[in-house]
Amino acid sequence: GKHTVNLDNKVADVTVKPFTLEMGIGFELHVTISGEKINISEIPELLIPEDWMRDKLELNFYKSEQGGGEVENVNYDKQSRTAVITFLRPG
């Protein structure tokens, strides 16, 4: 709908319009697995902050339906495009 907004003693009439956010990014990872750690290589370069990439990796490997578990640490190296995921419990 239409709204009136007061900005620094000036009134502006605005109209709200919905839009779609393009948040989904798909990519392929190369993984080496041990009982406690996973080594990931060839992580694609994405235009997102490093902490976001660490969060994405943690969430992906936390999912139990994909064989994941509780993540203790994510060590991500943007330059080498690698990461090491350490799990709280081996498995």
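The values are calculated or read from the model by the stated rules, or taken from the named source; none is laboratory data. On a predicted model such as this, the values are computed, not experimentally measured, just so you know. Here the Cβ positions follow ideal geometry from the backbone for every residue, glycine too, while neighbour counts run over all protein chains shown.
Summary of computed values
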{"quantity": "Residue count, the range 1-44 (criterion: at pLDDT below 75 and of a type in the set (Asp, Glu))", "calculated": "3"}
{"quantity": "Where a residue in the range 43-70 is closer than 13 Å to Arg81 by Cα and its partner, wherever it lies, is modelled with pLDDT of 90 or more and part of a helix (DSSP H, G or I), with Cβ under 7 Å and at least six apart", "calculated": "Leu46/Met53"}
